[in-house]
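Scroll down for the structure; my scribbles are underneath it.
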Amino acid sequence: MKSTSKFFLGTKGKMTQVFDEKGVVSAATLVSATPMTVTQVKGKETDGYEAVQIGSGTRSEKNINSAQKGHLKDLSMFRHMMEFPLSGETKRGDIVDISVFEAGDIVEVSAISKGKGFQGVVKRHGFSGGPRSHGQKNKERAPGSIGGGGRAGGRVVKGMRMGGRMGTDRVTVKNLRILQVDIETNTLVISGAIPGRPGTLVEIRA
């Protein structure tokens, strides 16, 4: 497992534009990144690998199960908990804020993409649809033949591109750049678009 030197959990905000010192404009996404707390440090002797577990956000204690309450007994009740591979001097209770990042850092961002429900093949797979001539009616967005007959013994082959659920997949976008780090407001400005709707939990790794 690759060790991560910088990491953070944040919440996706709106998109905006950022001008650099040369006046060049870049599309950017705002990420609200409140400080995180280290809830557990895992080592090779006890767990077989090195990692750090962090907690972010807050949650009502009545919505936390007993096992997690025991795990977080002397800390806050966190809404999100996640583990990142990390080796180094870290101990339980340490606070991690966005000062770990600097403008210019290259990061990758992972999140759950927007859910789009059931979609047809034109939107889901980019099919061109049928022709608008030769008496065709109400079939412009139909998928066309899906096989059968002599193909594959008359069955639909596995992996056939068809209509179905679209979105709500874990998506990772790499080679994004940190444009600004605002410690006072706990806000990161990241170049380009990142997956998900506003309010989506995002994982940032450098």
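The values are calculated or read from the model by the stated rules, or taken from the named source; none is laboratory data. Since the structure is predicted, the reported quantities are computational estimates derived from the model, not experimental observations. Glycine also receives a Cβ, built like all others from the backbone with ideal geometry; neighbour counts cover every protein chain displayed.
Summary of values
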{"item": "Selection count, the stretch 83-107, where residues are touching a residue at least 60 places away in the same chain (Cβ under 8 Å) and either hydroxyl-bearing (Ser, Thr, Tyr) or outside the structural domain of ILE190 (by TED's automatic domain parsing) (or both)", "result": "2"}
{"item": "Subset of the stretch 95-107 that is assigned to a strand (DSSP E or B) and surrounded by fewer than 15 Cβ atoms within 10 Å (Cβ to Cβ) - its residue that is nearest to the chain's Cα centre (by Cα)", "result": "ILE106"}
{"item": "Exclusive hit being β-branched (Val, Ile, Thr), surrounded by fewer than 16 Cβ atoms within 10 Å (Cβ to Cβ) and in a helix (DSSP H, G or I), set VAL171, VAL156, VAL122", "result": "VAL122"}
